[in-house]
């Protein structure tokens with residue numbers, strides 16, 4: 001077995017238009033770095049399968065699916081507001097992005113892979129049950145986590161979200177679902193201006209002030225995330241892997257480096273090895289400085305693959 005890298009060419013076809021930071025080049029930058037570093041040769045490459053309607057409806061209301069379907073254009077671009085743009089490929093790309101996480105759950109649960117990274121777009125963690133926003137159409141991690149719980153019969157899963165923006169959609173979906181522990185780091189105050197004071201026993205926010213460096217992230221993991229994970233004892237670990245806290249990413253104002261992403265991944269992998277049978281599903285969220293994104297994802301995957 002190996003680390004599965006799950007993606008699909010259609011994820012490159014979703015496009016917001018010229019100059020948009022959430023662009024197809026993000027996935028190309030990741031692939032280029034994985035090839036240049038030699039990591040690609042050690043990964044199990046898998047083409048994603050689209051999520052089914054029933055799988056999407058575990059996380060989303062029927063009304064959202066109908067709205068996205070009704071607005072999807074045959075040509076050109078449709079701007080829906082809340083930083084959502086659709087072209088003729090967007091709906092299929094969004095189904096494939098969510099489906100990749102479902103597929104990763106199936107592969108890891110079935111012993112076909114040790115763990116998985118889903119190199120997909122659009123990202124997902126700002127999408128709530130009834131609303132798409134912040135570049136996110138469907139909540140990929142939520143769809144996958146609910147598949148693990150409801151299809152595979154797991155009783156507890158954890159989501160660790162280290163994107164620079166608060167995963168407000170993921171929190172909204174799971175805020176009243178005690179089967180899911182959500183640990184999330186994010187710059188605060190910052191878009192979407194939420195999360196700092198909305199925690200509960202199983203929602204663990206760790207807001208970071210602007211200009212925080214990697215040492216603050218490491219302290220957060222050691223003092224907050226790992227104790228919460230140890231107490232919760234999840235059976236599978238999901239990672240909403242955003243790389244826009246990198247010091248080179250001008251979408252925000254944090255100062256993380258590739259070594260910080262590698263260190264966080266090492267801590268989460270060690271925890272998963274002890275308590276989850278090593279079962280980790282990671283999916284791409286943010287990260288918009290292309291070189292930093294490629295290097296950071298490579299550092300993340302190198303740890304997942306034990307290389």
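The values are calculated or read from the model by the stated rules, or taken from the named source; none is laboratory data. Being a predicted model, the structure only gives us computed values, none of them experimental. As a convention, Cβ positions derive from the backbone with ideal geometry for all residues, glycine included, and neighbour counts pool all protein chains shown.
Which residue pairs have Cβ atoms under 8 Å apart, sit 6 or more places apart or on different chains, and have a first residue in region 270-291 that is on the phi > 0 side of the Ramachandran plot and surrounded by fewer than 22 Cβ atoms within 10 Å (Cβ to Cβ) and a second that is in a helix (DSSP H, G or I) and modelled with pLDDT of 95 or more?
Going by the 8 Å Cβ cut-off, the qualifying pairs are 278/269; 278/272.
Select, from 97, 158, 127, the only residue that is farther than 30 Å from residue 42 by Cα, crowded, with 24+ Cβ neighbours inside 10 Å, at pLDDT 95 or above and under 13 Å from the mean Cα position of the chain (by Cα).
Numbers: 97 fails: farther than 30 Å from residue 42 by Cα; 158 fails: farther than 30 Å from residue 42 by Cα.
None of the other options fit; the residue is 127.
So which of 163, 215 is at pLDDT 95 or above, more than 23 Å from residue 98 (Cα to Cα) and either surrounded by 23 or more Cβ atoms within 10 Å (Cβ to Cβ) or in contact with a helix residue (DSSP H, G or I) (Cβ under 9 Å, 6 or more places away or on another chain) (or both)? Can you show your working first?
Details: 163 fails: more than 23 Å from residue 98 (Cα to Cα).
One residue alone meets the criteria, 215.
Say whether the condition of being within 17 Å of residue 293 (Cβ to Cβ), out of contact with any helix residue (DSSP H, G or I) (no Cβ under 9 Å at 6 or more places or on another chain) and in contact (Cβ under 8 Å) with a residue 12 or more places away in the chain is met by at least one residue in region 51-70.
Of all residues in region 51-70, those within 17 Å of residue 293 (Cβ to Cβ) come to none.
Looking for residues that are within 17 Å of residue 293 (Cβ to Cβ), out of contact with any helix residue (DSSP H, G or I) (no Cβ under 9 Å at 6 or more places or on another chain) and in contact (Cβ under 8 Å) with a residue 12 or more places away in the chain, one finds none in region 51-70, hence no.
When region 166-185 is examined, which residues are found to be touching a residue at least 40 places away in the same chain (Cβ under 8 Å), touching a helix residue (DSSP H, G or I) at 6+ places or on another chain (Cβ under 9 Å) and not in a strand (DSSP E or B)?
The answer is 167, 169, 170, 173.
What is the residue count in region 292-305 for residues that are without any contact (Cβ under 8 Å) to a residue 60 or more places away in the chain and either surrounded by fewer than 24 Cβ atoms within 10 Å (Cβ to Cβ) or out of contact with any strand residue (DSSP E or B) (no Cβ under 8 Å at 6 or more places or on another chain) (or both)? Reasoning before the result, please.
Residues of region 292-305 without any contact (Cβ under 8 Å) to a residue 60 or more places away in the chain: 292, 296, 299, 303.
So of that shortlist, the ones also either surrounded by fewer than 24 Cβ atoms within 10 Å (Cβ to Cβ) or out of contact with any strand residue (DSSP E or B) (no Cβ under 8 Å at 6 or more places or on another chain) (or both) come out as 292, 299, 303.
Summing the residues that are without any contact (Cβ under 8 Å) to a residue 60 or more places away in the chain and either surrounded by fewer than 24 Cβ atoms within 10 Å (Cβ to Cβ) or out of contact with any strand residue (DSSP E or B) (no Cβ under 8 Å at 6 or more places or on another chain) (or both) in region 292-305 gives 3.
Just checking, does region 220-229 include any residue being outside any loop (DSSP other than H, G, I, E, B), within 24 Å of residue 8 (Cβ to Cβ), within 18 Å of the chain's Cα centre (by Cα) and at pLDDT 95 or above? Explain how you work it out, then say what you get.
In the first step, residues of region 220-229 are kept if they are outside any loop (DSSP other than H, G, I, E, B); the result is 220-229.
Checking which are within 24 Å of residue 8 (Cβ to Cβ) leaves us with none.
Checked against the condition, which is being outside any loop (DSSP other than H, G, I, E, B), within 24 Å of residue 8 (Cβ to Cβ), within 18 Å of the chain's Cα centre (by Cα) and at pLDDT 95 or above, region 220-229 yields no hits at all.
Can you find even one residue in region 186-196 that is assigned to a loop (DSSP other than H, G, I, E, B), in contact (Cβ under 8 Å) with a residue 60 or more places away in the chain and within 19 Å of residue 288 (Cβ to Cβ)?
Applying the first criterion (assigned to a loop (DSSP other than H, G, I, E, B)) to region 186-196 yields 188-196.
Adding the requirement that they be in contact (Cβ under 8 Å) with a residue 60 or more places away in the chain leaves 190, 192.
Restricting the remaining residues to those that are within 19 Å of residue 288 (Cβ to Cβ) gives 190, 192.
Scanning region 186-196 turns up at least one residue that is assigned to a loop (DSSP other than H, G, I, E, B), in contact (Cβ under 8 Å) with a residue 60 or more places away in the chain and within 19 Å of residue 288 (Cβ to Cβ).
Does residue 116 qualify as being in contact with a helix residue (DSSP H, G or I) (Cβ under 9 Å, 6 or more places away or on another chain), crowded, with 24+ Cβ neighbours inside 10 Å and in a helix (DSSP H, G or I)?
Considered against the rule, which asks whether it is in contact with a helix residue (DSSP H, G or I) (Cβ under 9 Å, 6 or more places away or on another chain), crowded, with 24+ Cβ neighbours inside 10 Å and in a helix (DSSP H, G or I), residue 116 comes out as no.
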